[in-house]
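Taking it in order: structure first as structure tokens, then the write-up.
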Amino acid sequence: MAARLIVLGRQGAGKGTQCARLADRLGIRHVSTGDLFRHEITAGTTLGRAIERYVANGELVPDAVVLDVVSANLGGADARREGYLLDGFPRTLAQGQALFEVLGADAADLALEIDVPVEVVVDRLSHRKVCVDCDASATDADPLARCVECGGRLQRRSDDHPEAIARRLSLYDEQAGALLLWLDSQGLLVTVDGVGDPDDVHDRVIDAVATRIPEVRTRIR
Ligand code: ADP
């Protein structure tokens, strides 16, 4: 049975970048609710139109909608057997408990929190750009820069404006505390320091996962 992981952390903690690398190295599926929602919005689907206001304002999409989207992606037996990495879900205690109710007691082997202080993430978010093609993050230091992953155009994320950044961070601090305590009480939580060079953070993340899930060591490429 492949690893099933939850990754948590403040906005701008480097979650997206670390999740993409970790999922790739472990050969498991990367499921980002934020990316799924942004693609629905860009495609102008019924779901996209229903949620775009929440996302633009930095508010949480209602739990029932989030759970439908996650169940549609992970509900099958194959998804559980093949393993997955949940990025951006759960982010409330209710979502965390619902995940285990819907997918069962083995819904996750480990919850990894990437810890970065609020003043550091505010600075990162204020200078963040993302690739329009592959969602990779970059900084806005060079206005003509292209994505280092795929050469795509970089732009500011529509919810990386000061009001939405402040709202998302305050919601995280409000909601994540109870979720983290609960995950800890289930024996699932491991916290990794997310400050520093992304390669060093990646090494810490890999160490934490391999220590907690021995069979992961054999999968690391
Ligand atoms: P961030 O964590 O930086 O806000 P994400 O890409 O994870 O970025 O999410 C973008 C937006 O999508 C969130 O601000 C929220 O509106 C919505 N969203 C994503 N995941 C969830 C979730 N689990 N519950 C509720 N809303 C969510």
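The values are calculated or read from the model by the stated rules, or taken from the named source; none is laboratory data. Values in this document were obtained by computation on a predicted structure and should not be read as measured data. All Cβ positions, even for glycine, are placed from backbone atoms using ideal geometry, and neighbour counts span all protein chains on display. These area figures cover heavy atoms from the full protein model, side chains too; ligands, DNA and RNA do not enter into them. Shrake-Rupley method; radii C 1.70, N 1.55, O 1.52, S 1.80 Å.
When the Gaussian network model of the chain links Cα atoms closer than 10 Å, the mean-square fluctuations of Phe37, Phe100, Phe89 top out at Phe100.
The distance linking the stretch 35-100 with the stretch 176-221 is 22 Å (Cα centroid to Cα centroid, whole angstrom).
Taking the Cα centre of the chain as reference, the dipole from Cβ charges on Lys and Arg (+1) and Asp and Glu (-1) amounts to some 460 debye. Solvent-accessible area per residue in the chain equals 49 Å², computed with a 1.4 angstrom probe and all protein chains kept.
How big is the Cα convex hull of the stretch 36-165 in projection, averaged over all directions, in nm²? Orientation-averaged projected area of the Cα hull: 9.4 nm². In a DSSP loop and with at most 11 other Cβ atoms within 10 Å, there are no GluC sites (Glu not before Pro) in the stretch 156-221. Across the chain, the volume of the C-alpha convex hull divided among the residues equals 121 Å³ per residue.
Across the accessible surface of the chain, with the other protein chains kept in place and a 1.4 Å probe, carbon and sulfur atoms take up 51 percent.
Which of the three applies to the stretch 146-221, rounded, prolate or oblate, going by the alpha-carbon gyration tensor with a ≥ b ≥ c and a/c under 1.5 meaning rounded? In terms of gyration-tensor shape, oblate.
Coupling constants for the stretch 119-135 follow from the phi torsions by the Karplus curve (6.51 cos²θ - 1.76 cosθ + 1.60, θ = phi - 60°), and in residue order they are 5, 6, 6, 4, 5, 4, 5, 5, 10, 8, 10, 10, 6, 5, 8, 10, 6 Hz; glycine and proline get x.
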